[in-house]
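To start, the structure itself, in structure tokens.
The values are calculated or read from the model by the stated rules, or taken from the named source; none is laboratory data. These figures come from a predicted structure and were not determined experimentally. Backbone-built Cβ (ideal geometry, glycine too); neighbour counts: all protein chains shown.
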Amino acid sequence: MKARRERKFVLLCLAALVALPLAQWWVDLAAGQAPTGTVLLRRFPTVAHLRVAEADFAAATARNPYARLLAGLPGLAWLRGIEAPVLEGRVVADEPWLFYRPDVRLVSQRRPPGTGERASAAILDWRRQLAEQGIRLVVVVAPLKPALLPDRVARRFAVGGAAWRAPEATAAVARCRTAGVEVVDLPEVFAALPAPAPGEEPWYEPGDTHWSQRGLHVAADAIIETIGWARVPGVYQVREEMVRRPADLERLRGGAPAADDRPKEACLVVAAAPGRAPVTPSAGAEVLLLGDSFCRIFEEGEVTGAGLRSQLAWRLGRPVGLIRQDGGGATLVRQELARHPERLHGVKVVVWEFAERDLLSAETEWAQVELPR
């Protein structure tokens, strides 16, 4: 009797799936449109045409009430959650924690062979080219949020409060240091500090992939210590400003609260004059910062002049140039600098920041970029 019910259930599921395209075609014909999918029969199936067909299917499904009914079933909702880009972690001190699912996978799964070697080869080549022009290179590795705060991901990941570290990332950093590259390994820096207690300001934002102001200042101090220049106070003014926390993971999840519902946090805003953030000339800065979205956070958007570039300028008492590209810390920023080599005029130190995920992801491009001579 149980086996018969199971067969009926399987047949019912198959019938529901078979009925999906039939229902879609009926909806299309009722709307006076060509049936979805016929584009595959009218065109040669190139990559571009397949992408058009995929977009057509997605748009058609959105207007199909039968497809929306199937998508709302609990079982399918659970399957969607497995591939959702945002992973819901624990609630700590009444604060829900969100994580970027690919980042969690990077620190919990094995990487393809040779992933770290590609990164270290590109870093060593970039250091060589800058050294030929008499410019120091300081490499900064920004930690992965789930690797830094595993106890916020799930209770079972909290082993003595220790941070995770992929051996491939450690090996890539070690290869660079052995070759003489100055590396600010922020995962190592954060791991040496006492972990923030529940209720204290964490190093990373609960609803964002980036660091908080507390984490940002830890990073800025570590970079200044590696550069080794004396701090020059009084050149820039600093004021405290309350701003809304960033929340890219909340937006990505699709259920972000209204901006006014998110808590505020105190930011140290750096200004060259009252109410004005320090403006870096296109050339002439002795320090040039290359980086990804970690160089944008608190520098643009919710607040201006409180990000990594401004914090470095405040500590050094001198302007800091910036070339940044969200998600492009590994290659795109170097390509941008190669297109505008005049940005290196007067530069003594290039600070190159990229996320730790770039050392671990097989999809990250580590192209060999040639600077004009």
**Request:** Select from the range 201-234 the residues that are surrounded by fewer than 21 Cβ atoms within 10 Å (Cβ to Cβ) and out of contact with any helix residue (DSSP H, G or I) (no Cβ under 8 Å at 6 or more places or on another chain) and list them in ascending order.
**Result:** Arg214, Glu225, Thr226, Gly228, Ala230, Pro233, Gly234
**Prompt:** Right, Val287: over 21 Å from the mean Cα position of the chain (by Cα), modelled with pLDDT of 90 or more, closer than 30 Å to Arg343 by Cβ and crowded, with 22+ Cβ neighbours inside 10 Å or not?
**Reply:** yes
**Complete:** Filtering the range 296-331 down to residues that are out of contact with any helix residue (DSSP H, G or I) (no Cβ under 6 Å at 6 or more places or on another chain), among the polar types (S, T, N, Q) and in a helix (DSSP H, G or I) yields Ser310
**Request:** Might you check whether a residue that is within 18 Å of the chain's Cα centre (by Cα) and of a type in the set (A, V, I, L, M) occurs anywhere in the range 205-223?
**Result:** yes
**Message:** Take the residues in the range 332-357 that are outside any strand (DSSP E or B) and among the β-branched types (Val, Ile, Thr); name whichever of them is farthest from Val320 (Cα to Cα).
**Reply:** Val333
**Asked** Are any residues in the range 333-365 outside the structural domain of Ala131 (by TED's automatic domain parsing) and at pLDDT 95 or above, and if so, which ones?
**Response** none
**Asked** For residues in the range 98-107 being at pLDDT 90 or above and hydrophobic (A, V, I, L, M, F, W, C), which is nearest to the chain's Cα centre (by Cα)?
**Response** Phe99
**Request:** Filter the range 146-185 down to residues that are assigned to a loop (DSSP other than H, G, I, E, B), modelled with pLDDT of 85 or more, over 20 Å from the mean Cα position of the chain (by Cα) and farther than 16 Å from Arg118 by Cβ, then give me how many there are.
**Result:** 1
**Request:** Working carefully through the options Gly275, Gly228, Gly254, find the one that is modelled with pLDDT of 90 or more and among the small types (Gly, Ala, Ser).
**Result:** Gly228
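Determine, yes or no, whether Ala195 is aliphatic (A, V, I, L, M), farther than 22 Å from Val349 by Cα and in a loop (DSSP other than H, G, I, E, B). Walk me through it before giving the result.
Values: aliphatic (A, V, I, L, M): yes; farther than 22 Å from Val349 by Cα: yes; in a loop (DSSP other than H, G, I, E, B): yes.
Yes, satisfied.
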**Request:** Give the range 198-216 a look and list any residue that's in a helix (DSSP H, G or I) and either of a type outside the set (A, V, I, L, M, F, W, C) or touching a Ser or Thr at 6+ places or on another chain (Cβ under 9 Å) (or both), or say none.
**Result:** Gln213, Arg214, Gly215
**Request:** Look at Trp314 and say whether it is touching a Ser or Thr at 6+ places or on another chain (Cβ under 9 Å), aromatic (Phe, Trp, Tyr) and either surrounded by fewer than 24 Cβ atoms within 10 Å (Cβ to Cβ) or in contact (Cβ under 8 Å) with a residue 12 or more places away in the chain (or both).
**Result:** no
